[in-house]
Amino acid sequence: MDVSYRIKQIKSIKDKDLTEALDIYIHTIDEGSETSTIQIRDYIQNKYNDKREMFFYILYVNNAVIGFAEYGYLPQNEVLLIDYICTRPRNHTYFYNFYQMLFEDICRLLKKKNYYIKYIITELSLKKDNDNKYIDVDSNYYRQLLTMEGFKILRTPYYQPYCNIERKLSITDFNLVIKPLINGLFPKTYIDAQFYQEIITDVYMNHYAAWYEKYMNPKEVNQFFINLLDRVKKEFTNKIEFDDVTLVNCALYQKGLCQQVSAENITLKKKRFYYAKQWIMRILCVLFSVATGFFCYLKCFDSAVTFFCSVLTIISSVIALGQFIKERFF
């Protein structure tokens, strides 16, 4: 059986296959992560002269419309941002062919303007249900696919902006993942605060703000992202490592049910809470141990008191030991 793949850059809203491609997009993207198709059509039609460039593509397999993609290029930090890459049906072969063909074609177009790509960046949802399980199908699916492409997860404070039902900007927790195309960003090395601030400013101001300013009050949009950048800067904590996007080849991971892999972002507040909890456990363990020793030294052999102190000591020691084993081995 012969299978042919080809992509086409969408340059006009009159493209006869745009409606079908957007239908794939709207029925594939996780709820809350989608951009208005009216705005996408407007961007294609008006070709806004922003600091970043937008690319819209259709994937064909045997001449049938199978996928839609939206990318942005940020020249300030030479970042290629994957907004959306959708196929119907979801299929590893379709995805990897689409992904590689898009990269090659966008590189070709950028080189004509003497632009180059240092990093590829995209976002992954951290939305959970009441059982604390990741529920966004698209993001869980791409966590598996992106690990094969060498993406690194930035467990730094990051929030994806979106326009809520009240037509106001809001945010939700997301991971930012990055693939370096230069010699850098090695696993088990720390994320530099200045590097992260430059990347995040580029993404928020030159990508998101530049888009929303077309459809909302520009001053309100600008202030929203200034406040968001300030929040991210305050929540950033040092010594966050670059991690590989972990590959777990099982259906549980794809459905967000795998408990062995954490993608939670690390913020200053979370880190302080973590250390406070650790010190409370240690202090309680010491206090209970001292209390037991004190009662024994004074020969307070009242059985109830001795038993109570011994039980508290055992409990605190088990908790402290459990925390150590969890951190050390899991």
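The values are calculated or read from the model by the stated rules, or taken from the named source; none is laboratory data. Just so it is clear, the model here is predicted, and its values are computed rather than measured. Here the Cβ positions follow ideal geometry from the backbone for every residue, glycine too, while neighbour counts run over all protein chains shown. For the accessible areas, the whole protein counts, side chains as well, though only heavy atoms, and no ligand, DNA or RNA atoms are used. Shrake-Rupley method; radii C 1.70, N 1.55, O 1.52, S 1.80 Å.
When every residue of the stretch 166-187 is checked against the conditions, at least one turns out to be within 23 Å of GLU53 (Cβ to Cβ), open to solvent by 10 Å² or more (accessible area, probe 1.4 Å), in contact with an Asp or Glu (Cβ under 7 Å, 6 or more places away or on another chain) and not hydrophobic (A, V, I, L, M, F, W, C). The set of residues from the stretch 58-76 being surrounded by fewer than 21 Cβ atoms within 10 Å (Cβ to Cβ), assigned to a strand (DSSP E or B) and over 22 Å from the mean Cα position of the chain (by Cα) comprises TYR60, VAL61, ALA64, VAL65.
I'm checking my understanding of the structure. Among residues of the stretch 1-38 that are assigned to a loop (DSSP other than H, G, I, E, B) and small (Gly, Ala, Ser), which one is modelled with the lowest pLDDT?
Applying the filter and picking the extreme gives GLY32.
Pairing each residue of the stretch 181-194 that is under 23 Å from GLU235 (Cβ atoms) with any residue that is in a loop (DSSP other than H, G, I, E, B) and open to solvent by 70 Å² or more (accessible area, probe 1.4 Å), provided the two are 6+ apart or on different chains, yields C-beta distances under 8 Å for TYR190/ASN238; TYR190/LYS239; ALA193/ASN238. Counted as qualifying within the stretch 145-255 are the helices (runs of 4 or more DSSP H) with 1 or more residues that are modelled with pLDDT of 95 or more and within 20 Å of TYR73 (Cβ to Cβ), namely 193-203, 218-235.
Answer with yes or no whether VAL79 is modelled with pLDDT of 95 or more, surrounded by 14 or more Cβ atoms within 10 Å (Cβ to Cβ) and under 29 Å from GLN197 (Cβ atoms). Give the derivation first.
Working: modelled with pLDDT of 95 or more: yes; surrounded by 14 or more Cβ atoms within 10 Å (Cβ to Cβ): yes; under 29 Å from GLN197 (Cβ atoms): yes.
It is true that VAL79 is modelled with pLDDT of 95 or more, surrounded by 14 or more Cβ atoms within 10 Å (Cβ to Cβ) and under 29 Å from GLN197 (Cβ atoms).
Just wondering, is there one or more residues in the stretch 121-141 that are surrounded by 14 or more Cβ atoms within 10 Å (Cβ to Cβ), of a type in the set (Ser, Thr, Tyr) and over 23 Å from LEU74 (Cα atoms)? Yes, the conditions are met somewhere in the stretch 121-141.
Take the residues of the stretch 86-116 that are free of Cβ contacts under 8 Å to residues at least 24 places away in the same chain and not in a helix (DSSP H, G or I): which is most open to solvent (accessible area, probe 1.4 Å)? Of everything passing the filter in the stretch 86-116, LYS112 is most open to solvent (accessible area, probe 1.4 Å).
More than 21 Å from the chain's Cα centre (by Cα) and not in a strand (DSSP E or B), is that true of ARG41? Answer is yes for this residue.
Checking ASN140 against (1) at pLDDT 85 or above; (2) in contact with a Phe, Trp or Tyr (Cβ under 6 Å, 6 or more places away or on another chain); (3) not hydrophobic (A, V, I, L, M, F, W, C), which test does it fail? The one condition ASN140 does not meet is (1). When the stretch 139-165 is filtered for residues that are among the hydroxyl-bearing types (Ser, Thr, Tyr), touching an Asp or Glu at 6+ places or on another chain (Cβ under 8 Å) and over 13 Å from LEU126 (Cβ atoms), only THR147 remains. Looking only at the stretch 144-159, residues that are open to solvent by less than 10 Å² (accessible area, probe 1.4 Å) and over 16 Å from LEU81 (Cα atoms) come to 3 in all.
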